[in-house]
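Chemist: Would you mind keeping the following structure in view while I ask a few things?
All of the numbers you see were taken from the coordinates with simple rules; none came from a lab. Treat the numbers as computed from the prediction; the structure is a model and nothing was measured. Because the Cβ atoms are built from the backbone with ideal geometry, glycine has one as well, and the counts that use them run over all protein chains shown.
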Amino acid sequence: MDTTNDPLASVNSALACFDEGMKQLRRKVNEPELSAALKQAASAIIGMKGRLIISGIGKSGHIARKLAATFSSTGTPAYFVHATEASHGDLGMIQNDDVLLLMSWSGQTRELSDIVAYGLRFSIPIIAITCGSKSSLAQKADIPIVLPKVEEACPHNLAPTTSTMLQLAIGDALAVTLLKMRGFSEENFRAFHPGGKLGASLQPISEFMYKDARLPLISIDAPVLEVISEISVKGFGIVGLLDHEENLCGVITDGDIRRYLKENAASTLQLVLEDTSVAQMMTEGGIRLSPDILASKALNTLQTNRISAAFVVEGNRPIGLVSMLQLLQQGVA
């Protein structure tokens, strides 16, 4: 059957081409020459005192711009310099303590020649990502990262598709490697990603937890009716019980009350409420959160334990409360 005009067949064909390209890249990464180059590149970047200057032209330039953003957001200061603009004054952005990462699939991109010459003139380390092992870029680079020559997903083998995917993959892999080498943590991510869902997920819950008068807290000696009232008034479906030293000794949820009443359905509601102490209903201890736990981890804790809210404590003293609804409204995912 002729599948030329079959969109699904074309998609599957392109994906198969991408898959084959990644298989070739994984094989080549394990070869001595490329693995050594990647180690040298990581060492050069981690040891630099300046910034990682990334440049390219055309589709490689678009990948270079994206990689500059990825490196910067994961702890490696990086800056994209347009190859053409570099020849018209932007070379002044490049300092002696920087490292150059130049991208050209063929390795023969004329627009990169001035940046290459500048790097060689001022002894600025040059890392190249290319598939042209004998190209001028690979020959002049201090650290050539030579990728396998692959077939483009374009049916004419012309439009950069598989090749740009490999450039992006090796660049992102290098960024992740440096992230690990730096010990870049979730807290570091938060400093660089204050906005959007990622920023919300990386906030410590102490920044937005309910506290003070909003907290549903009563004495462990309080009657059950007071517990019910506190749950209704505060609206979190949970009450924290305090001992005589103001420590959190347990919690009661609206579910705990319903289950207790069901278990004692043979008696009248009035007798059950009058004859029951809150200690009989409470869950001792309960799920507790630290104030510095990230919002994403707090959400995972609530979901894993199938609860809608939990108290935030310092030592044994409750200082806040977070709810599932609150986390979702904050944009945590």
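Chemist: Out of T84, T276, T74, any idea which swings most in a Gaussian network model of the chain, alpha carbons joined below 10 Å?
Modeler: T276
Chemist: If you place +1 on the Cβ of every Lys and Arg and -1 on the Cβ of every Asp and Glu, how big does the dipole about the Cα centre of the range 7-184 come out, in debye to the nearest 20?
Modeler: Approximately 320 debye in magnitude.
Chemist: Moving on. Return one number: the angle in degrees, 0 to 90 and rounded to the nearest 10, between the long axis of the Cα atoms of helix 7-29 and the longest principal axis of the Cα atoms of the chain.
Modeler: Approximately 80 degrees, to the nearest ten.
Chemist: Something else about it: Given axes a ≥ b ≥ c from the Cα gyration tensor, I'd like to know whether the range 110-188 is rounded (a/c under 1.5), prolate (a/b larger than b/c) or oblate.
Modeler: oblate
Chemist: Work out how far the C-alpha atoms of the chain reach from end to end along every principal axis, then list the three figures in whole Å, largest first.
Modeler: Each principal axis gives a Cα extent; for the chain these are 90, 59, 36 Å.
Chemist: Ok, one more. Mind ordering 90-99, 245-254 by average Cβ neighbours within 10 Å, highest first?
Modeler: 245-254, 90-99
Chemist: Could you give each residue of the range 69-75 its phi-based ³J(HN,Hα) in whole Hz, using Karplus coefficients 6.51, -1.76, 1.60 with θ = phi - 60°, and x for Gly or Pro?
Modeler: 5, 5, 4, 4, 7, 10, x
Chemist: If you take the beta carbon distance between K23 and M48 as r and set R0 to 41 Å, what does 1/(1 + (r/R0)^6) give as a FRET efficiency, to the nearest 0.05?
Modeler: That gives a FRET efficiency of 0.80.
Chemist: Right, something else. So, with +1 on the Cβ of K and R and -1 on the Cβ of D and E, and no other charges, what is the size of the charge dipole of the chain about its Cα centre, to the nearest 20 debye?
Modeler: On the way: 29 positive and 34 negative charges, 278 e Å.
Around 1340 debye, computed over the chain.
Chemist: Rounded to whole Hz and in sequence order, give me ³J(HN,Hα) for the range 83-95 from the Karplus expression 6.51 cos²θ - 1.76 cosθ + 1.60, θ = phi - 60°, writing x for Gly and Pro.
Modeler: For the range 83-95, the Karplus-derived couplings read 4, 6, 5, 4, 6, 10, x, 6, 4, x, 6, 8, 10 Hz, x marking Gly and Pro.
Chemist: Also: Quick one: Cα convex hull volume of the range 217-257, Å³ per residue? Can you show the working numbers first?
Modeler: Working: hull volume 2.3 nm³, N = 41.
Measuring per residue, one finds 55 Å³ for the Cα hull of the range 217-257.
Chemist: So, by mean Cβ neighbours within 10 angstrom, what's the order for 58-70, 281-293 with the highest one leading?
Modeler: 58-70, 281-293
Chemist: Under a crude label model (7 Å from the Cα following the beta-carbon direction), how far is E151 from S229 in nanometres?
Modeler: 7.8
Chemist: With the crude spin-label approximation of a point 7 Å out along Cα→Cβ, what separation in nm comes out for L120 versus A213?
Modeler: Label at L120, label at A213, 7.4 nm between them.
Chemist: Follow-up question, since we're still on this one. Excluding same-chain residues fewer than 8 positions from K39, which lysines have a Cα within less than 30 Å of its Cα?
Modeler: Within the straight-line cut-off, K39 pairs with K23, K28, K49, K59, K66, K134, K140, K149, K180.
Chemist: Related question: Could you point to the residue in A213, A309, I145 farthest towards the positive end of the chain's charge dipole, with +1 and -1 charges on the Cβ of Lys/Arg and Asp/Glu respectively?
Modeler: I145
Chemist: Let's test the formula: R0 of 56 Å, r as the Cβ-Cβ distance of H82 and E246. What FRET efficiency results, to the nearest 0.05?
Modeler: 0.35
Chemist: Another one. Per q in 0.13, 0.19, 0.20 Å⁻¹, report the Debye log10 I(q)/I(0) for the range 205-329, using one uniform scatterer on each alpha carbon and no solvent.
Modeler: Taken in order of the listed q values, log10 I(q)/I(0) reads -0.51, -1.01, -1.10.
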